[in-house]
Amino acid sequence: MNFIDKFFEKKARNVAQLSNRRGFIKGIAASLVGASTIPLLPVARAADAPVLPQEAGDPSSCDYWRYCAIDGFLCDCCGGSYNTCPPGTEMSPITWIGTCRNPIDGRNYVISYNDCCGKTQCGTCLCQRDEGDRPLYRSDKSNDVNWCLGATSSVYHCSTAIVVGIAFDESSSK
């Protein structure tokens, strides 16, 4: 027992001689500040429930509510759906977005328009709807860009319309 006491006493004295109270308090404070920033880090919230609006209408028609800012061939007519690419194509990770009003619930939704790439143009159901479009001031903000440049193949096939979330309501901010 005497050996253990002497061992720990020696270790405690070494720590006391090599450090000071200010350094200890500084280390504790830095750890607390660092730990408090963890909730601020960007994290994919996969557990959040997806926003699923009520659907009505024909997804293979240009008048479908999700297509208010689309420019291209509808994947729904090309072997995919309004939110999935046809087999043999890949979804581009680079997108443009629009805000469309769902006629069923009257809410505005943020829609991500993803191009499907890897095959030649589909050639059916071409739609160009630019509701709320503003004059072009930067070409990279336009839906006329070939967004397949971010994919493995830059060959455009069709476009999807995926609901990302509910749009901010301007009337509630006033």
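The values are calculated or read from the model by the stated rules, or taken from the named source; none is laboratory data. The model shown is predicted, which means the values in this text are computed figures rather than measured ones. Counting neighbours? That spans all protein chains shown, and the Cβs are built from the backbone with ideal geometry, glycine included.
Taking the stretch 72-115 as the range and being in contact with a Phe, Trp or Tyr (Cβ under 8 Å, 6 or more places away or on another chain) and of a type in the set (Lys, Arg) as the test, only ARG101 passes. Residues of the stretch 72-99 that are crowded, with 20+ Cβ neighbours inside 10 Å, over 19 Å from SER153 (Cα atoms) and modelled with pLDDT under 90: GLY98 alone. Quick test for you: out of GLY88, GLY106, GLY118, GLY98, pick the one residue that is in contact with an Asp or Glu (Cβ under 7 Å, 6 or more places away or on another chain) and over 16 Å from SER61 (Cα atoms). Exactly one residue qualifies, and that residue is GLY118. Contact map, the stretch 152-166: residues that are on the phi > 0 side of the Ramachandran plot paired with residues that are among the hydrophobic types (A, V, I, L, M, F, W, C) and modelled with pLDDT of 95 or more, Cβ distance under 7 Å, separation 6+ or inter-chain. No pairs are found.
Considering the stretch 73-102, and only residues there that are in contact with a His (Cβ under 8 Å, 6 or more places away or on another chain) and either free of Cβ contacts under 8 Å to residues at least 40 places away in the same chain or in a loop (DSSP other than H, G, I, E, B) (or both), the residue that is farthest from CYS125 (Cα to Cα) turns out to be THR89.
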